[in-house]
2 protein chains.
Amino acid sequence: MGISERKEREREEMKTMITTAAMKMFLEDGYAKTSIRNIADAIEYSPGTIYLYYKDKDELLFEVQGQAYLKLLEAFKQNVTSTDPLEKLEQLGKTYVSFGLANPELYDLMFIIRAPTNVDETTHGHNGDATFNYLINLIEECIQADLLIFKSANQAALQIWSMAHGLVSLNLRCRLKVMIPEEASIPEILHKAIEEYLLSIRA
Amino acid sequence: MGISERKEREREEMKTMITTAAMKMFLEDGYAKTSIRNIADAIEYSPGTIYLYYKDKDELLFEVQGQAYLKLLEAFKQNVTSTDPLEKLEQLGKTYVSFGLANPELYDLMFIIRAPTNVDETTHGHNGDATFNYLINLIEECIQADLLIFKSANQAALQIWSMAHGLVSLNLRCRLKVMIPEEASIPEILHKAIEEYLLSIRA
DNA sequence: TGGATTTACTGAACACTGTTCAGTACATTT
DNA sequence: AAATGTACTGAACAGTGTTCAGTAAATCCA
């Protein structure tokens, strides 16, 4: 019976049609300013239809977040090319910061925006695991080679991620203007901060 | 002519009445879930009245943010008691983290929430200056005594604030659950992270 | 093939949001 | 006492996420 298979396929096509439009509009206008009606308009369906495929706007966000995490993972894989673990860690850190600077709306929706998805991590927790594991594995590699001052990978990841996220998210909320008056020099200074920080945690 | 003075006084009273109610409701339910109508109900006025005192919801946020920054500054002054600059820096860092953990909604509205106030820092930039200067002065003290690896106070502030904000804000968005499974141990681990970080940036 | 059933979709409706503004009632001034 | 100024109201506007009775087409079964 090929009909049910075709219907399943059509359903998946519809779902990706919705998320593709949603992703595009989230990136252009931000999550908050993108309404279900706008998305429905973009794909030329009625608002109610979207609810036949996603239970609410938050589930749509969750879906888009998953894609965004993969996009970040791709950036990691593409830019972390060195053979030296510490150098790889630096490449990862700089990739993270560059990603946040280049895709502010995306970064916002991945890590900053408030939504059920971002709060109750019990059901929605395993969305960015692959990307996070990439960091953890790299850190473990560094620790096993005795290259960092940390004893546990979790401890190291906590600090390293916090530093990187702090830099990016404070910038996204314009909190760095007091410290960095010239907007143009922000990328350079943030990369320098990552560099320096990683120097300071070397064993 | 005492009438215009009385009117000015009454106007100020009304403004603080509004911001007091707003602050309370922002803390309890969050900024997004608090509506102008809710605030108006709480102070027993019509919604339109609020707009006679504040031009929009964002201006209300700005006002409450100012109070929140002062509250944080108070916490700094109360907890930073040591005579040793490095110890003072540690006390400040831990106070910052504790503040964020104890007042999640307040921290959210101060540093995380997205609003015109938080984005265009040209007109709204000087709201938290006193609190920020407290940090800068302390860092300058450390640098002048050659206690830190940094050469410039701005450079140091960038890293230190980013680390602290990263820890607090990732926690507020439940991003630490992958690294810290037990919720109860979060405060201790975050304080430990601050401790360790400050050790790693000692000259 | 023809009638019953399942499926996909619509768009009006509900309860909310921030914000505006004509209208009103009271305080102050002349 | 009449005219002016001020403070406040609450209905209205345009938007939001979400639901659901109604419809039309596709599928199934006899």
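What single numbered condition from (1) out of contact with any Cys (no Cβ under 7 Å at 6 or more places or on another chain); (2) of a type outside the set (S, T, N, Q); (3) buried (at least 20 other Cβ atoms within 10 Å of the Cβ) fails to hold for A:Leu148?
(1)
For the stretch B:96-116, how many residues are surrounded by fewer than 19 Cβ atoms within 10 Å (Cβ to Cβ) and closer than 22 Å to B:Ala156 by Cα?
Looking only at that region, the number is 1.
Among the residues in the stretch A:45-68, are any charged (D, E, K, R), under 16 Å from the mean Cα position of the chain (by Cα) and away from DNA strand D (no atom under 16 Å from the Cβ)?
No: the stretch A:45-68 contains no residue that is charged (D, E, K, R), under 16 Å from the mean Cα position of the chain (by Cα) and away from DNA strand D (no atom under 16 Å from the Cβ).
Can you tell me which residues in the stretch B:147-167 are hydroxyl-bearing (Ser, Thr, Tyr) and in contact with a strand residue (DSSP E or B) (Cβ under 7 Å, 6 or more places away or on another chain)?
Scanning the stretch B:147-167 gives no hits.
Given A:Leu92, A:Leu73, which one is in contact with a Ser or Thr (Cβ under 9 Å, 6 or more places away or on another chain) and modelled with pLDDT of 95 or more?
Selected residue: A:Leu73, the only one of A:Leu92, A:Leu73 that is in contact with a Ser or Thr (Cβ under 9 Å, 6 or more places away or on another chain) and modelled with pLDDT of 95 or more.
Condition (residue is under 24 Å from the mean Cα position of the chain (by Cα), more than 12 Å from DNA strand D (Cβ to nearest atom) and free of Cβ contacts under 8 Å to residues at least 60 places away in the same chain) applied to the stretch A:24-35: is it met by at least one residue?
Checked the stretch A:24-35: at least one residue is under 24 Å from the mean Cα position of the chain (by Cα), more than 12 Å from DNA strand D (Cβ to nearest atom) and free of Cβ contacts under 8 Å to residues at least 60 places away in the same chain.
Kindly indicate whether any position in the stretch A:5-22 is within 8 Å of DNA strand D (Cβ to nearest atom), in contact with a helix residue (DSSP H, G or I) (Cβ under 8 Å, 6 or more places away or on another chain) and in a helix (DSSP H, G or I).
No.
If we keep just the residues of the stretch B:165-181 that are within 7 Å of chain A (Cβ to nearest Cβ) and not in a loop (DSSP other than H, G, I, E, B), which is nearest to B:Glu196 (Cα to Cα)?
Selected residue: B:Leu167.
Looking only at the stretch A:39-92, filter to residues that are small (Gly, Ala, Ser) and more than 16 Å from DNA strand C (Cβ to nearest atom); which one of those is farthest from the other protein chains (Cβ to nearest Cβ)?
A:Ser82
B:Ala75 - would you say it is within 24 Å of B:Leu170 (Cβ to Cβ) and within 13 Å of DNA strand D (Cβ to nearest atom)?
no
If you check A:Thr83, A:Thr95, A:Thr117, which single one turns out to be of a type in the set (Val, Ile, Thr), farther than 19 Å from A:Ala193 by Cα and part of a helix (DSSP H, G or I)?
Result of the check over A:Thr83, A:Thr95, A:Thr117: A:Thr117.
For the stretch A:143-152, does any single residue satisfy the condition of being hydrophobic (A, V, I, L, M, F, W, C) and either at pLDDT below 95 or within 21 Å of the chain's Cα centre (by Cα) (or both)?
The answer is no, given that none of the residues of the stretch A:143-152 is hydrophobic (A, V, I, L, M, F, W, C) and either at pLDDT below 95 or within 21 Å of the chain's Cα centre (by Cα) (or both).
Taking only pairs six or more apart or across chains, which ones have beta-carbon atoms under 8 Å, a first residue in the stretch A:51-67 that is in contact (Cβ under 8 Å) with a residue 60 or more places away in the chain and assigned to a helix (DSSP H, G or I), and a second residue that is buried (at least 18 other Cβ atoms within 10 Å of the Cβ) and of a type in the set (Ser, Thr, Tyr)?
A:Phe62/A:Thr117; A:Gln65/A:Thr117
The values are calculated or read from the model by the stated rules, or taken from the named source; none is laboratory data. Owing to the predicted nature of the structure, the values given are computational and were not obtained by experimental measurement. All Cβ positions, glycine included, derive from the backbone under ideal geometry; neighbour counts span all protein chains shown.
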